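Computed from the coordinates by the stated procedures, all read-outs in this text should not be read as laboratory data. Quick caveat, the model's predicted, so the values are computed rather than measured. Don't worry about glycine lacking a Cβ; one is built from the backbone with ideal geometry, like all the others, and counts go over all protein chains shown.
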Amino acid sequence: MRNEEIEKKAIPIILILFFFIFGELEVFLKSKAIQSRQKETGSVLLATLKDNSLIYYDPKDINWTTDNIAEIWIRMILGEENKEKSISFLIQQGVPSEKAEKLYEKKELYGIDIKNKKIKDMEDVYYTQQKEIIYVFKFPDNASNWRDIIPHTIGELLYRLCKSKKEQKE
């Protein structure tokens, strides 16, 4: 084989290797950044959504109100799609658009009923990147707000976390 033929065949292989290695490096660097953030805050990455929203929880943020009902906060660093939806919601609630545009993350409080496998939304708090509160939304507190936990959702992850913590306590 001539050098030209070897070069023509080698270039695509080199490019594939380059992109594979670069992609792996990017994944490695992202995982290191997440681990660093977890060490700083004590929070644990729970999920990454399709729009790259990151959902964390802090094991210390589980509060048992009864033997079977837990309240748990999650923190969501918003990806583009969730950020757009949340900004629209804030503007609908009367938050000035220039303030709503500063949205970076939100914290959500859920009630988890371990015995009946139910969940309810309790409160959402919207923050800037500087941790300034933009808006607090409290959901109405009534029995009809409890709903079944849907498989393969964040609700199911929270249910399993709380159930596991309850079993560890017993």
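Please report Val95, Val44, Val136 as a ranked list, fewest other C-beta atoms within 10 angstrom at the top and most at the bottom. Can you show the working numbers first?
On the way: Val95 18, Val44 13, Val136 10.
Starting with the residue having the fewest Cβ neighbours, the order is Val136, Val44, Val95.
Which of the pairs Lys102/Lys166; Lys120/Lys165; Lys50/Lys107; Lys50/Lys169; Lys83/Lys166; Lys107/Lys163 have their Cα atoms more than 30 Å apart in this structure?
Numbers: Lys102/Lys166 38 Å; Lys120/Lys165 19 Å; Lys50/Lys107 18 Å; Lys50/Lys169 34 Å; Lys83/Lys166 33 Å; Lys107/Lys163 21 Å.
Violating the 30 Å Cα-Cα cut-off are Lys102/Lys166; Lys50/Lys169; Lys83/Lys166.
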